[in-house]
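K.L.:
A single structure is presented below for examination.
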Amino acid sequence: MSMQDQLKAAITARRDDLIALTQDLIRIPTLNPPGAHYLEICEYLDRRLLGAGFETELIRATGAPGDSDQYPRWNIVARRAGTDAGDCVHFNSHIDVVEVGHGWTVDPFGGEVIDGKIYGRGACDMKGGLAASIIAAEAFVETCPDYAGAIEISGTADEESGGFGGVAYLAERGYFDPARVQHVIIPEPLNKERICLGHRGVWWAELETKGEIAHGSMPFLGDCAVRHMGAVVAEMERSLFPALAARRTDMPVVPDGARQSTLNINSIHGGEPEQALDYTGLPSPCVPDRCRMVIDRRFLIEEDITEVEAEFRAMLARVGAARTGFDYDLRELHRVLPSMTDRDAPIVTTVARAIEATLGHPPDYVVSPGTYDQKHIDRIGRLKNCIAYGPGILDLAHKPDEYVGIDDMVQAAQVMALSLAELLVPVDP
């Protein structure tokens, strides 16, 4: 039996373990925000990986955004060295999940198995991928004990809120230095047939339009900030949205609608603060003197971040030229440059061969519409040899009744194990 067949068989034999591991991870409700149960899941992973012969570190991202004594930002990094020098392959998965939301028909933290699928918040995004990487590593170590180099597995915090208490914190401290790690696979749910090369860029900003408060019965004595914001939205509809829709990228972004530049209005609020749900009175009659809008601008690798901001400011200038008393503040909240690994990078070609050997056909190559932790590995760690590859359907992420297919996890784990075999098993002289 070939080594590839041995590895596939070893993972198939671990199917029940893979199911149980995924269920255990789902049942730890690592909701972000606020960042709950991070230490609990890291301690669970610590016990599991110590038992598989890994050396482990639990690392708190002290001082990172969101870190507090009530909700500390914990991460785990586990490393298992081989019998000889060689490259290091690192599997990085985030441990946090988004809010549950409404519309579930199963327990979101039950890990229930129905018709070959495991259901729960984080099932595909991305605790199924984390479990698959652990099973792949364990099967590889047992099948190929005399490998060269090292395997690392990390569970990191806060990817859903930017990754600053997770991968960014670790990258700043050298954990993704190319001298330490040479290949990175992030098991995000991009489908078992796909290799994700990177992601679009993002520019988040908060716009505040200003007015003057006055009595609501005499609005002519004030200046309504909400009306100013309405003029901004109207100008966005008139000029900005059509301009963005006309731009197309050569990046293989999925779905097809994301191959253009996009802008989302995350929120708008003007006037007095919303009262508590149990408040039964009426609002006071005031002209709102402030209105705030948060925008989420996703841009292409062909665009420059300075031009993205300049285009938005030019749109505001047009509004100001047409409106008396128009005044505003614009504050950047977040920026991420686009990232895309070369198709001929070692991790890409290796995983591509493993997919073909497992599934019987070559992979598709895609780019994610949203960012993930590759941004920090690329920009802070300066490590370009990084992809996202994992089981699950991206469209299910953050949705009610999220699930991951068990067969998909098994096959993704086989791809991961075959990739380890190519990168870490010494070639006989």
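The values are calculated or read from the model by the stated rules, or taken from the named source; none is laboratory data. Remember, predicted model here, so these are calculated numbers, not experimental data. Positions of Cβ are generated from backbone atoms using ideal geometry, with glycine treated the same way; all protein chains shown enter the neighbour counts. Just the protein is used for accessible areas: all its heavy atoms, side chains included, with ligands, DNA and RNA removed. Shrake-Rupley method; radii C 1.70, N 1.55, O 1.52, S 1.80 Å.
K.L.:
Grab the beta carbon distance between Phe241 and Lys210, set R0 = 22 Å, and tell me the FRET efficiency rounded to 0.05.
P.N.:
Numbers: r = 24 Å, r/R0 = 1.10.
The calculated FRET efficiency here is 0.35.
K.L.:
If N is the number of residues in segment 205-307, what value comes out of its Cα radius of gyration divided by 2.2 N^0.38 Å?
P.N.:
Working: Rg = 18.3 Å, N = 103, 2.2 N^0.38 = 12.8 Å.
Dividing the Cα radius of gyration by 2.2 N^0.38 Å gives 1.43.
K.L.:
Using 7 Å Cα-to-Cβ label points, what is the Leu333/Asp364 separation (nm, one decimal)?
P.N.:
3.1
K.L.:
Put one equal scatterer on each alpha carbon of segment 343-429, apply the Debye formula with no solvent term, and list log10 I(q)/I(0) at q = 0.11, 0.25 1/Å to two decimals.
P.N.:
Taken in order of the listed q values, log10 I(q)/I(0) reads -0.38, -1.35.
K.L.:
State, in angstrom, two size descriptors of segment 207-253 derived from its alpha carbons: Rg to one decimal place and Dmax to the nearest whole number.
P.N.:
17.2, 55
K.L.:
If you keep only loop residues by DSSP, which chymotrypsin sites (Phe, Trp or Tyr not before Pro) in segment 276-316 have at most 14 other Cβ atoms within 10 Å of their Cβ? Write out the running numbers ahead of the final one.
P.N.:
Values: sites: Tyr279, Phe299, Phe312; in loops: Tyr279.
Answer in residue order: Tyr279.
K.L.:
Here's a follow-up. Quick one: putting +1 on the C-beta of Lys and Arg, -1 on the C-beta of Asp and Glu, what dipole do you get for segment 182-317 around its Cα centre, in Debye to the nearest 20? Each step should come with its number before you reach the end.
P.N.:
Details: 14 positive and 21 negative charges, 67 e Å.
It comes to approximately 320 debye.
K.L.:
Next question, about the same structure. Please build a GNM for the chain, connecting alpha carbons under 10 Å apart, and tell me which residue among Leu244, Leu333, Leu39 fluctuates the most.
P.N.:
Comparing Leu244, Leu333, Leu39 in the GNM, the peak value goes to Leu333.
K.L.:
Skipping prolines and chain starts, which residues have an amide H placed within reach, meaning under 5 Å, of the one on Cys286, given they are 5 or more residues away or on another chain?
P.N.:
Correct list: Gly216.
K.L.:
Leaving ligands, DNA and RNA out of it, rank Ser239, Ser2 by accessible area with a 1.4 Å probe, largest first. Before the final figure, lay out the partial values.
P.N.:
Working: Ser239 25, Ser2 60 Å².
The most accessible residue leads, giving Ser2, Ser239.
K.L.:
Counting only heavy atoms of the protein chains, get the accessible area per residue of segment 274-398 (1.4 Å probe) and round it to a whole Å² value.
P.N.:
Details: 6260 Å² over 125 residues.
On a per-residue basis, 50 Å².
K.L.:
Build a GNM of the chain with springs between Cα atoms under 10 Å: which of Thr249, Thr358, Thr324 gets the top mean-square fluctuation?
P.N.:
Top of the fluctuation ranking is Thr324.
K.L.:
Can you give the FRET efficiency for Arg180 and Asp250, using 1/(1 + (r/R0)^6), R0 = 41 Å, r = Cβ-Cβ distance, to the nearest 0.05?
P.N.:
Details: r = 33 Å, r/R0 = 0.80.
My answer for the efficiency is 0.80.
K.L.:
When the accessible area of the chain is computed with all protein chains present and a 1.4 Å probe, what percentage of it is carbon and sulfur? It would help to have the intermediate numbers written out before the result.
P.N.:
On the way: 9310 of 18380 Å².
Answer for the chain: carbon and sulfur cover 51 percent of the accessible area.
K.L.:
Here is a follow-up. Can you list the HN-Hα couplings for segment 104-121, worked out from phi with the Karplus curve (6.51, -1.76, 1.60; θ = phi - 60°), rounded to whole Hz and with x for Gly and Pro?
P.N.:
Going residue by residue, I get 6, 10, 10, 5, x, 10, x, x, 6, 9, 9, 6, x, 10, 9, 9, x, 5 Hz, with x marking Gly and Pro.
K.L.:
Let me ask you something else. Which of Phe164, Leu221, Ile295 sits closest to the plus end of the dipole of the chain, meaning its Cα is farthest towards the positive end, when Lys and Arg get +1 and Asp and Glu get -1 on the C-beta?
P.N.:
Selected residue: Leu221.
K.L.:
Please give the per residue accessible area of segment 5-129, computed with a probe of 1.4 Å over protein heavy atoms only, in Å².
P.N.:
With all protein chains present, segment 5-129 gives 43 Å² per residue.
K.L.:
Let me test this: with uniform point scatterers at the alpha carbons of segment 229-275, what is the Debye-based log₁₀ I(q)/I(0) at q = 0.18, 0.20, 0.24, 0.28 1/Å?
P.N.:
-0.68, -0.75, -0.90, -1.04
K.L.:
Okay, moving on. Tell me, which longest segment in the chain has none of the trypsin sites (Lys or Arg not before Pro) that fall in DSSP loops with at most 13 further Cβ atoms within 10 Å? Don't skip to the end; give the middle numbers.
P.N.:
Values: sites that count: Arg173, Arg343, Arg382.
After excluding every exposed loop site, the longest remaining stretch is 1-172.
K.L.:
Charges on Cβ only, +1 for Lys and Arg, -1 for Asp and Glu, centred on the Cα centroid of the chain; of Pro242, Gly53, Leu130, which one is farthest towards the dipole's positive end?
P.N.:
Checked the options; the winner is Pro242.
K.L.:
Let me ask you something else. Can you give the relative contact order of the chain as a percent, counting alpha carbon pairs under 8 Å and 6+ residues apart?
P.N.:
Numbers: 957 pairs, mean separation 108.0, N = 429.
Over the chain, the number comes to 25 percent.
K.L.:
Could you pull out the longest piece of the chain with no exposed loop GluC sites (Glu not before Pro) in it, calling a site exposed if DSSP puts it outside H, G, I, E, B and it has at most 13 other Cβ atoms within 10 Å?
P.N.:
On the way: sites that count: Glu99, Glu274, Glu302.
The reported range is 100-273.
K.L.:
Go ahead and run the numbers for FRET between Glu112 and Arg313, Cβ-Cβ distance against an R0 of 51 Å, rounding to 0.05. Write down the numbers at each step before the final one.
P.N.:
On the way: r = 50 Å, r/R0 = 0.98.
Given R0 = 51 Å and the Cβ-Cβ separation, E is 0.55.
K.L.:
How much of the calculated P(r) for segment 246-400 lies past 22 Å, in percent of all Cα pairs? Spell out each step's value before the answer.
P.N.:
Working: 7201 of 11935 pairs.
In whole percent, the long-distance tail amounts to 60.
K.L.:
Tally Lys/Arg at +1 and Asp/Glu at -1 over every other residue whose Cβ is under 11 Å from the Cβ of Arg48; what's the total? Numbers along the way, then the final one.
P.N.:
Details: positive: Arg47; negative: Asp17, Asp24, Glu43, Asp46, Glu138.
That sum, taken over residues with Cβ under 11 Å, equals -4.
K.L.:
From the mean inverse distance of alpha carbon pairs (Kirkwood) and the Cα radius of gyration, derive Rg over Rh for segment 85-207. The partial results should precede the final answer.
P.N.:
Numbers: Rg = 16.9 Å, Rh = 16.6 Å.
On the Cα set of segment 85-207, Rg over Rh gives 1.01.
K.L.:
Using a simple spin-label model with points 7 Å from Cα along the Cα→Cβ vector, what separation in nm is obtained for Asp69 and Ile268?
P.N.:
If labels sit at Asp69 and Ile268, their model points lie 4.3 nm apart.
K.L.:
What's the local net charge at Arg313, with K and R +1, D and E -1, over the other residues with C-beta under 13 Å away? List each step's numbers first, then the result.
P.N.:
Details: positive: Arg297, Arg318, Arg331; negative: Glu235, Glu307, Glu309, Glu311, Asp329, Glu332.
Once all neighbours under 13 Å are counted, the net charge is -3.
K.L.:
Percent of Cα-Cα pairs per 10 Å bin, from 0 to the last occupied bin, for the chain, please list those.
P.N.:
Spelled out bin by bin, the chain gives 5, 20, 28, 23, 14, 7, 3, 1, 0 percent.
K.L.:
Considering only the other residues whose Cβ falls under 9 Å of the Cβ of Tyr328, what net charge follows from Lys and Arg at +1 and Asp and Glu at -1?
P.N.:
Working: positive: Lys210; negative: Glu208, Asp327, Asp329.
Once all neighbours under 9 Å are counted, the net charge is -2.
K.L.:
So what is the calculated 222 nm ellipticity per residue for the chain, using -39500 (n - 2.57) for each DSSP H run with n of 4 or more, over all residues, to the nearest 500 deg cm²/dmol? Mind showing how you got there, number by number?
P.N.:
Numbers: 11 runs with 131 residues, N = 429.
Result for the chain: -9500 deg cm²/dmol, rounded to the nearest 500.
K.L.:
When all C-alpha to C-alpha distances in segment 1-94 are sorted into bins of 5 Å, what percent of pairs does each bin hold, rounded to whole numbers?
P.N.:
In order of increasing distance, the bins hold 2, 11, 15, 19, 19, 14, 9, 6, 3, 1, 0 percent.
K.L.:
If you don't mind, there's one more thing I want to ask. Taking every pair of Cα atoms in segment 293-384, average 1/r, invert it to obtain the Kirkwood radius, and report Rg/Rh to two decimals.
P.N.:
Working: Rg = 19.8 Å, Rh = 16.8 Å.
Answer for segment 293-384: 1.18.
K.L.:
Now a separate question. Could you pull the Rg and Dmax for segment 125-164, using just the Cα atoms, both in Å?
P.N.:
Radius of gyration, then largest Cα-Cα span, for segment 125-164: 13.2, 39 Å.
K.L.:
Could you give me D for segment 363-403, from Stokes-Einstein at 25 °C and 0.890 mPa s, where the hydrodynamic radius is the Kirkwood radius over C-alpha pairs? Units µm² s⁻¹, please.
P.N.:
The calculation lands on 201 µm²/s.
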